[in-house]
Amino acid sequence: MTLSSTTAANGFPAIAFQPHRVVLAAMAAALVIAAAVFMRWDWLPQYYDLAISGLWQTIWILVVTCVFGFALAVPLGFAQVTGPRWLSMPSKAFCTVIRGTPLLLQLWLLYYGLGTLFPQFPEIRESVLWPLVRQAWPYAVLALTLSFAGYEGEVMRGAFAGVPHGQLEAARAFGMSRWKVFRRVWLPQAIHKALPTLAGETVLQLKSTPLVATITVLDLYAVALRVRQDTFVIYEPLLLLALAYMILTGLIVWVFGRFEARIPVRLG
């Protein structure tokens, strides 16, 4: 029986059996076995429910801030390309300030700034919004959303500017309105151009979520800190934390890869 050069007899790709890959897999297996045998894991059942809660907190904060941040980034980028100066200048200034200051500083300014300012107003304390603004997670969501919007606003600016003007003129020649040209030609192509960068920014957003633990939001990183404080176990929770972030990063890259392969660039 003749086998192809890239497929083994059992149907697996031959590339999976290359020597360096086998060595890496063996090293990974050895590390897993050593971690299971020589490290302490007796604390894990006690904090299992808390870890699941922290994982859910991390995921929903990531999803919400990326969705709303991207929704804000689209007009920010578009205004810088086509908007009048009274729109383009504030958009540029917003992106510059967000990108030029640390996210931790932005988070603390919102939480320790607005968070301590709101209680001084009886109108806010007696309103229906008080149970919301007295918590920490709204400030975390707001800070991460604005940060994502600031970075992605610049990405979308470049993506909008990179769409060939000839295609836009051709769409107008077909009788499309400005809104239809934007919705069916300009925006889809800009998103397609921005997808690789958007995937990277989403991964960076995931790596920024541990900062919310500094304002008492119970995410995955906060759970690891609590385990260390309660049990004085240091390495084990941090290793699980790193594994969780690596898995989430892999899922993000896979999802964006599927989107990039599926979304067509077409006119009309």
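The values are calculated or read from the model by the stated rules, or taken from the named source; none is laboratory data. Keep in mind that what you see is a predicted model, and the values were worked out from it rather than measured. Using ideal geometry, Cβ is built from the backbone for each residue, glycine included, and neighbour counts are taken over all protein chains shown. Each accessible area value is taken on the protein alone, full model and side chains, heavy atoms only, with ligands, DNA and RNA left out. Shrake-Rupley method; radii C 1.70, N 1.55, O 1.52, S 1.80 Å.
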Express in Å², to the nearest 10, the accessible area of T82 obtained by rolling a 1.4 Å probe over the protein heavy atoms while all chains stay in place. 70 Å²
Using the Cα gyration tensor of region 209-250, with a ≥ b ≥ c the square roots of its eigenvalues, what is the shape: rounded (a/c below 1.5), prolate (a/b larger than b/c) or oblate (neither)? oblate
Size of the dipole of the chain about the Cα centre, Lys and Arg at +1 and Asp and Glu at -1 on the beta carbon, nothing else charged, in debye to 20? 1020 debye
Residue (of L103, W86, L142) at the positive-pole extreme of region 69-179, dipole from beta-carbon charges: W86
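Mind checking the per residue accessible area of the chain for me, 1.4 Å probe, whole number of Å²?
Numbers: 16310 Å² over 268 residues.
Result: 61 Å² of accessible area for each residue.
For V128 and L109 in the same chain, what is the full-extension length gain: residue separation times 0.36 nm, less their Cα-Cα distance, in nm? Intermediate values should be presented prior to the final figure.
Details: separation 19, 0.36 × 19 = 6.84 nm, distance 2.35 nm.
Gain in length upon complete extension: 4.5 nm.
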Rounded, prolate or oblate (a/c below 1.5 giving rounded, otherwise prolate when a/b exceeds b/c) for the chain by Cα gyration tensor: oblate
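Take the chain, mark every one of the chymotrypsin sites (Phe, Trp or Tyr not before Pro) that falls in a DSSP loop and has at most 13 other Cβ within 10 Å, then report the longest stretch left between them, sites excluded. Show your work: numbers first, answer last.
Numbers: sites that count: W41, F174, F232.
Of all site-free stretches, the longest is 42-173.
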Give the average over all directions of the projected area of the C-alpha convex hull of region 115-262, one decimal, in nm². 13.3 nm²
Counting only the backbone N, which residues of region 66-97 are under 14 Å from the spot 7 Å out from the Cα of Q135 toward its beta-carbon? none
Quantify, in whole percent, the carbon and sulfur part of the accessible surface of region 129-227 (1.4 Å probe; protein heavy atoms only). 62 percent
Just how much of R157 is accessible, in Å², when a 1.4 Å probe is used and the result is rounded to the nearest 10? 80 Å²
Which whole-number percent is the relative contact order of the chain (Cα, under 8 Å, 6+ apart)? 24 percent
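When only C-alpha pairs under 8 Å and at least 6 residues apart count, what is the relative contact order of region 124-268, in percent? Show your work: numbers first, answer last.
On the way: 91 pairs, mean separation 41.6, N = 145.
Averaging sequence separation for qualifying contacts and normalising by length gives 29 percent for region 124-268.
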Taking all protein chains together and a probe of 1.4 Å, list M39, M246, M27 from the most accessible to the least accessible. M246, M27, M39
Mean ellipticity per residue at 222 nm, deg cm²/dmol - from DSSP H runs of n ≥ 4 across the chain, formula -39500 (n - 2.57): -23000 deg cm²/dmol
What would the Debye formula give as log10 I(q)/I(0) at q = 0.11, 0.13, 0.15 Å⁻¹ for the alpha-carbon point model of region 21-151, no solvent? -0.66, -0.80, -0.91
